[in-house]
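Participant: First the structure, which I've put down as structure tokens, then a few questions once you've had a look.
Taken together, the values in this text are just the output of simple stated rules run on the coordinates, not laboratory data. Here the structure is a predicted model, which is why all the values come from computation and not from measurement. Glycine also receives a Cβ, built like all others from the backbone with ideal geometry; neighbour counts cover every protein chain displayed.
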Amino acid sequence: MSFKKNTLTVTPSAFSFSLLIIIFMTAAASVVSASAVSGPAGPPEADTVEIVIASPTSPVVSDFKYDDGNSLILTWVPSIDDLPVGGKVLGYHVYRSDNGGEAKKIAELIPGSNYFKDDDLYGDTTYVYHVVARSANSRAASINTEAIQPRREWVNLNLKYLFLIALIIAASVIYFIETAKRGKKLFVRKIAGLEAVDEAIGRATEMGRSILFIPGINDMDDVQTLAAITILGRVSRVVADYDTKIRMPVARSLVMTAARETIKASYMAAGRPDAYNDDMVNYITDEQFGYVAAVDGIMVREKPATIFLLGGFFAESLILAETGNSVGAIQIAGTARPAQLPFFIAACDFTLIGEELFAASAYLSGEPKQLGSLKGQDIGKGIAMLAILLGVLLSTIAAVGDTETITEILKFITKVFTVTN
Amino acid sequence: MSTKAKEILTLALIVVFCLVFYIRKVSGGEGIIFSPLVSWLVIAAMIISLLWVLVLTIKGRLISRRVVFVYVGIALALPLFMPFSQKIPISPEVQALYDSVKTLKPGSKVLISFDYDPPSAPELQPMAESFIRLCFERDLKVIIMGLWPQGPQQANMALEKVLSDDKMKAKNLKYGEDYVNLGFQTGNEFVIQRMGTSFESMFPTDYRGTSYDSLPLVRNVKNFSNIEYSFNLSAGFPGSVEWVQIAVDRYGVQLGLGNTAVQAPQMYTYLNAGQVTGILGGMNGGAEFESLCHYKGKATKYMLSQSFSHMIVIAFIIIGNVAYFLSGRKSALKKK
Amino acid sequence: MEHFSLWLAAFLTLGIISFLYKDNAWYKLTEAIFVGLSAGYWFVALFWDNFYGKFWIGKDEHLYLYVGAFLGLLMLLRLIPKIGWISRWPLSFIVGATSGLWLINYFSSNIMKQVQATIMPLFSTQYGAGFNAEPATIIGNLVIVFGTFTGLVYFFFSKEHKGAFGYTAKMGIWVIMITFGASFGYTVMSRMSLFIGRIDFLLGEWLGMIL
Amino acid sequence: MRREIPLIITGVVGVGFLIQYFIPHAPFSYMSDWFSDWFSIVGACAIVLGALNLLKISAQKAIKRKKDWVYSLVIIASFLLIVIVGLLEGKDFRVAGTNFDWLYNYMYIPLSATMFAILAFFVASASYRAFRARNFEATLLLVAAFFVMLGRVPVGDVISNFMPEGWRLSNLASWVMNYPQSAGQRAIMIGIGLGIVSTSLRVILGIERSHIGGGK
């Protein structure tokens, strides 16, 4: 091992390193820190003489669309004396009369307000509103609105595009599942972390040591935990075949129950129900770091050969992964929490990044219908990519040359992807 | 000497050290501050020892995890005794948050959700203190709540700290009129969702057991539409993501975020998409905010330790890479 | 009592830190205390906050709460081995509800919202945290669009990463790596501050060494 | 039947919670609120199972005098201590000044805060070991981390002071955070969204059934 040879190996990385610095520096060159925007001045001071202000005008009340008939939306034109700087209006009061009863104040709003959404109403009541502008010592009321009853709707039409796209993706998932059921072979690329699962279990078997399976610290109401449990199903099936020892400390009682069912089923499927034991899965504590303290203890004392860290992880990810690394275990990790992924990448042998975690159980099962669902996901990605490219292209063109058709198409695309409730 | 004997000796030394200083504290001993000369000497010693580690590494002797641990411990502890202060540049996202609070008119209601617990307090508590202070200075009304059980306790600690300041005492702020603490409610993101219809249904009483209706500040606050601004101090789930997805996306609330540094990167997507007005990220964000508010708090004080520890980590990354390249790419991978 | 409290807290703090040296009796003791204490804490908290606070107080007003109690009761049937399988029912209820709820929530916030946020003119001035429309912004916007695009290509399952597609996927993983690096860098800071808090307790509150 | 009923429950409940999103009309509009309450209550019942399991395993260890059995006794003792104190304290167990509060402040907080804080050390050792310019991807990770780490502390700007305003490390860090970082996050988030959609669908359709002791 000569020194010269090593200096040579450095060069490509060093070159790319410096190249990157240059790129970053150039790019950051004109990143100018945002300058401070000073806010408008405070409210005008009160005077002893009565301040006359104009009343707010044109109050209009309308049904708030697509709700359970419990909200109305009130809009008005603010008083002409309501100015951002030096205005005399100090705020607005909204009054409401129910079923022709006495008008009661229901809200106090700051100057500049021009709408109010009133919730918690009843569908069988008639409401009339008026708005009062308020200065330091006087008030000016608007006229009354028309009487209105809130309406309840059965379908939220604001979500029609969301529904449509969700439907397309769901339909393609189902379509590919059905295609696969009919025996068509579907190609799915290799996922490194999952290719290693069998090998990792085999290693534990050879070494006569245990496998530690950590399903994250979230409860069953997290899809990541669901994904981890489904992967556990495949892992424990192999474990049952090889007769390896599996150990699964958990942080949630419900996860404990689900995991036991899963492992038990795998042992039954492997034809060895007698080898199953409830103590394979044990509850420790719901507390994040109490759990970590105990799992760390298990790692250094039992020295598992293979550790799976799959599911919803928070700050404990690195404590677990580093301790696992220090006892020399092979670690396969995966989570959908972007903040924790870097730690797994740094400390584990294989990491399933985000979507790969959810793909894992389908991939490991090798069943065609499960793989079909991965194809469906790809359709979703395709839609997202297409929309992004098209949207950016069109909006860039629209920003340069103001062509009407393009603007219209753009508006439509934006509308499709905008979720309003 | 056997390892066991060494361990016992070290333990005994630690106990003696603690006892000595504890007795010193009890008998009225003051805190310790290094003189600039001593501080520079300490820094020089650290640099020299790091260079020594580098030399060792070049000679082919890799250091163990424990050595790294010792360095980190020293880099975090010693700067707390040093008299230096540093200039803190303001990042745009912090400035944006400060500006958005500044544009609020006096009397505006600000909802602060404390969604963290004591372990994350070192990062978030300074933010909480300076944010509440800013609100009171600008005569904003503060409504406090928590999605984490321990959040409201943290809020009370922050309030106590802020209100003990002479400037704040002069304002004669009253509980129930200028600020309230609504306490904690279980239900995670669903709490936010239901607050969209009614605050009162989620918080029938405040932290002290006073009924919602008898608190003048919130009596007329029905839901998010009566709130001018909200600020979320978050250390995880439930927290900022939920606030953005429900309070901002569904109810159009103006939201500022105070995050632990771990969470902050994920929040930049929301900042870019215009869903939040600004972000305070980690202790650094806290320190920047403190300097915008012209107030020297804990975040500013801790920043020196922070800088030192970053330098140590960077130094070890460099040492690690030196070791890696010198020992040949393949073989270094196998060593620890 | 105050002296005892402080020393106890310090004893437990140092016990956990001793794990950094190696697994030892002190750590085992603190670990055991921690496990028992925290499991008990959650037991108490769930009892008072959830069972008492949610169910017991609200049961007369909100009849639907009985459904929850019923499901909980079915769950407890696990304690009787013979009919323990019934606990699968509440479990499948929870799994079903979780799937249904999150399917749409994630669809809307992770897919629709993110796609919508990426659609913008390349020289959008409003983009970013108040930055100006300068070359850096345009480069930045391009990075966002192509970064997101190539990142998605990386996740494609139905095509081998080969040829032009492979190169795009490779660029995707580069962007993802930069993301992880930045996240990691940011986190280093966060994690360091946590220990500063503990030092503040040990050397400040306990031993009175820090001003 | 033992297989089918859970599958039917999952499917029906799943579809129900799926469509409630699109129906603002009662009772659909209440469904997610209901679920949150139900889940809280089921969780409170289920922890009995967990706690009993913890006690059972610890007791077994202590009775059989297995290695380190003394610590199992400590687990049982501290569990019982806080449970008894907490239940006697009543629903306001968290209020300052109670015995529970003392246990919380002087035992629980130091323990959990310290366990969290030792991350500082693990972060350093992980960086030392893992941040090596092994290949181009690893180099990118390293470089990005490097910039952000330096750019996010005042020291970074001291080092890059020779650069003109706007070119310094803190600006660079902001740029990295705002653009490439955002892009990567976005791709990951969209992927995760799709993964969740597809996993949920598989569960609702009953294709994925291992969580209820499924199999084929």
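Participant: Pairs of alpha-carbon atoms within less than 8 angstrom and 6+ residues apart define the contacts here; what relative contact order does the stretch C:1-153 have, in percent?
Facilitator: Details: 57 pairs, mean separation 12.0, N = 153.
So the answer I get is 8 percent.
Participant: Then there's this: Nothing charged except the Cβ atoms of Lys and Arg (+1) and of Asp and Glu (-1): what's the magnitude of the dipole of the stretch A:114-202 about its Cα centre? Round to the nearest 20 debye. Don't jump to the answer; show the numbers that get you there.
Facilitator: Working: 12 positive and 10 negative charges, 88 e Å.
It comes to approximately 420 debye.
Participant: Let me spell out the model: positive unit charges on the Cβ of Lys and Arg, negative unit charges on the Cβ of Asp and Glu, origin at the Cα centre of the protein assembly as shown. What dipole size does that give, in debye rounded to 20?
Facilitator: That gives the protein assembly as shown a dipole magnitude of about 4660 debye.
Participant: Suppose R0 equals 56 Å; then what is the FRET efficiency for A:K104 and C:S5 from their Cβ-Cβ distance, rounded to the nearest 0.05?
Facilitator: Rounded to the nearest 0.05, the efficiency is 0.60.
Participant: A follow-up question, please. Convert 25 °C to kelvin, take the viscosity as 0.890 mPa s, use the Kirkwood radius over C-alpha pairs of the stretch A:57-141 as Rh, and evaluate the Stokes-Einstein diffusion coefficient in µm²/s, rounded to a whole number.
Facilitator: Using the Kirkwood radius from Cα pairs, D works out to 182 µm²/s.
Participant: Averaged across B:244-252, how many Cβ atoms of other chains sit within 10 Å of each residue's Cβ atom?
Facilitator: 3
Participant: Sticking with this structure for a sec: Please report, in Å, the Rg and the Dmax of chain D, where both are computed over Cα atoms only.
Facilitator: Expressed in Å, the Cα Rg and Dmax of chain D come to 26.2, 75.
Participant: Also: Evaluate peptide C:4-10: per residue, the Cβ atoms of other protein chains within 10 Å of its Cβ; return the mean as an integer.
Facilitator: 4
Participant: Still on this structure, please answer the following. Using only the alpha-carbon atoms, what does the stretch B:141-227 span along each of its principal axes? Please give whole angstrom values in decreasing order.
Facilitator: So the three principal-axis extents are 39, 26, 22 Å.
Participant: Work out the mean other chain Cβ neighbour count within 10 Å for the residues of C:19-29 and drop it here as an integer.
Facilitator: Working: counts 10, 11, 4, 3, 6, 1, 3, 1, 4, 7, 3.
Counting other chains' Cβ atoms within 10 Å and averaging over C:19-29 gives 5.
Participant: Take the alpha-carbon centre of the stretch A:383-418, take the same for the stretch A:132-179, and report the distance between them in whole Å.
Facilitator: 24
Participant: Given a Förster distance of 41 angstrom, what is the FRET efficiency for C:L79 paired with D:V95, based on the Cβ-Cβ distance and rounded to 0.05?
Facilitator: The pair C:L79/D:V95 has a calculated efficiency of 0.80.
Participant: Count the DSSP beta bridges whose two residues both fall in the stretch B:92-296, then state the antiparallel fraction as a percent rounded to the nearest 5.
Facilitator: So the antiparallel bridges amount to about 5 percent of the total.
Participant: Please state the charge dipole magnitude for the stretch C:120-211, taken about the Cα centre, from unit charges on C-beta atoms (+1 on K and R, -1 on D and E), reported in debye and rounded to the nearest 20.
Facilitator: Numbers: 5 positive and 4 negative charges, 74 e Å.
Computed about the Cα centre, the dipole is about 360 debye.
Participant: Would you mind classifying the stretch D:67-117 by shape? Square roots of the alpha carbon gyration tensor eigenvalues, ordered a ≥ b ≥ c; an a/c under 1.5 is rounded, otherwise it is prolate if a/b is larger than b/c and oblate if not.
Facilitator: Working: a/c = 3.55, a/b = 1.35, b/c = 2.62.
Verdict is oblate for the stretch D:67-117.
Participant: Bin all alpha-carbon pair distances of the stretch A:314-421 at 5 Å intervals from 0 and give each bin's fraction as a whole percent.
Facilitator: Calculated over all Cα pairs of the stretch A:314-421, the distribution is 2, 11, 13, 12, 11, 12, 11, 10, 8, 5, 3, 1, 0 percent.
Participant: Right, here's the next one. When averaged across all projection directions, what area in nm² does the alpha-carbon convex hull of chain A cover?
Facilitator: 34.8
Participant: Here's a follow-up. Tell me what chain B gives for mean residue ellipticity at 222 nm when only DSSP H runs of n ≥ 4 count, each as -39,500 (n - 2.57), the sum divided by the residue total, rounded to 500 deg cm²/dmol.
Facilitator: Result for chain B: -16500 deg cm²/dmol, rounded to the nearest 500.
Participant: Here's a follow-up. What does the net charge come to around C:H62 if you take all other residues with beta carbon closer than 15 Å to its beta carbon, with K and R at +1 and D and E at -1?
Facilitator: Combined, the nearby Lys, Arg, Asp and Glu give -1.
Participant: Considering the options B:N181, B:S214, B:S230, tell which one lies farthest towards the positive end of the dipole of the stretch B:92-296, charges being +1 on Lys and Arg and -1 on Asp and Glu at the Cβ, about the Cα centre.
Facilitator: B:S214
Participant: From the residues A:S365, A:A228, A:I148, which one has its Cα farthest along the dipole of chain A in the positive direction, the dipole being from +1 and -1 charges on Cβ of Lys/Arg and Asp/Glu about the Cα centre?
Facilitator: Sorting the options by dipole projection puts first A:S365.
Participant: Mean residue ellipticity at 222 nm from the helices of chain A, using -39,500 (n - 2.57) per DSSP H segment of n ≥ 4 over the full residue count, to the nearest 500 deg cm²/dmol? Write down the numbers at each step before the final one.
Facilitator: Numbers: 11 runs with 192 residues, N = 421.
Calculated from helices alone, the mean residue ellipticity at 222 nm is -15500 deg cm²/dmol.
Participant: Going by how many other beta carbons lie within 10 Å of each one, how would you line up A:V60, D:V13, A:V250, fewest first?
Facilitator: A:V60, D:V13, A:V250
Participant: Now, a different point. Ranked by Cβ crowding within 10 angstrom, fewest neighbours first, how are D:T98, A:T244 ordered?
Facilitator: Numbers: D:T98 17, A:T244 23.
If I rank by nearby Cβ atoms, fewest first, I get D:T98, A:T244.
Participant: Which value in Å is the Kirkwood Rh of the stretch A:186-366 over different Cα pairs?
Facilitator: On the way: mean 1/r = 0.0631 Å⁻¹.
For the stretch A:186-366, the Kirkwood estimate is 15.9 Å.
Participant: To continue, here is another question. Taking just the alpha-carbon atoms of the stretch A:315-360, what radius of gyration and Dmax come out, in angstrom?
Facilitator: In order Rg, Dmax, the Cα atoms of the stretch A:315-360 give 10.0, 29 Å.
Participant: Let me ask something else. Under Stokes-Einstein, with the Kirkwood radius over Cα pairs standing in for Rh, what whole-number D in µm²/s applies to the protein assembly as shown at 37 °C and 0.692 mPa s?
Facilitator: D = 105 µm²/s.
Participant: Still on this model: Which whole-number value in Å³ per residue fits the convex hull of the alpha carbons of the stretch C:120-211?
Facilitator: On the way: hull volume 14.6 nm³, N = 92.
Normalising the Cα hull of the stretch C:120-211 by residue number yields 159 Å³.
Participant: Also: Given the options B:A155, A:I174, C:I111, identify the residue whose Cα lies farthest towards the positive end of the charge dipole of the protein assembly as shown (+1 on Cβ of Lys, Arg; -1 on Cβ of Asp, Glu).
Facilitator: Projecting each Cα onto the dipole axis, the largest value belongs to A:I174.
Participant: Express in whole angstrom the spacing between the alpha-carbon centres of the stretch D:118-194 and the stretch B:62-141.
Facilitator: 20
Participant: Could you please rank D:D157, A:D274, A:D296, D:D92, placing first whichever residue has the fewest other Cβ atoms within 10 Å of its Cβ?
Facilitator: Fewest-to-most ranking of D:D157, A:D274, A:D296, D:D92: A:D274, D:D92, D:D157, A:D296.
Participant: Based only on Cα atoms, what Rg/Rh ratio does the stretch B:206-265 have, Rh being taken as Kirkwood's radius?
Facilitator: Radius of gyration over Kirkwood radius for the stretch B:206-265 works out to 1.05.
Participant: Could you check the simple spin-label distance between C:K162 and B:L41, using points 7 Å along Cα→Cβ, in nm with one decimal?
Facilitator: Taking the simple label geometry, C:K162 and B:L41 are separated by 6.9 nm.
Participant: Below 8 Å, C-alpha to C-alpha, sequence gap of six or more: please give me the relative contact order for the stretch C:120-211 in percent. The partial results should precede the final answer.
Facilitator: Details: 54 pairs, mean separation 15.4, N = 92.
Contact order relative to length: 17 percent.
Participant: Taking just the alpha carbons, could you work out the radius of gyration and Dmax for the stretch D:1-64, both in angstroms?
Facilitator: Just the Cα atoms of the stretch D:1-64 yield Rg and Dmax of 18.4, 59 Å.
Participant: Then there's this: In percent, how large is the relative contact order of the stretch D:132-204, given Cα pairs closer than 8 Å and 6 or more residues apart?
Facilitator: Details: 38 pairs, mean separation 16.9, N = 73.
Relative contact order comes out at 23 percent.
Participant: Given R₀ = 51 Å, FRET efficiency for A:N137-D:I19 by Cβ-Cβ distance, to 0.05?
Facilitator: With a Förster radius of 51 Å, E is 0.40.
Participant: A further question follows. Calculate the translational D of chain C in whole µm² s⁻¹ from Stokes-Einstein, where the hydrodynamic radius comes from the Kirkwood formula applied to all Cα pairs, the temperature is 25 °C and the viscosity 0.890 mPa s.
Facilitator: 102
Participant: Then there's this: Looking at chain B, I'd like the Rg to Rh ratio, where Rg is from alpha-carbon atoms and Rh is Kirkwood's inverse mean 1/r.
Facilitator: My calculation of the ratio gives 1.06.
Participant: Here's a follow-up. Give the shape of the stretch B:71-150 as rounded, prolate or oblate, defined through the alpha-carbon gyration tensor: a ≥ b ≥ c are the square roots of its eigenvalues, a/c under 1.5 means rounded, and otherwise the shape is prolate if a/b is larger than b/c and oblate if not.
Facilitator: oblate
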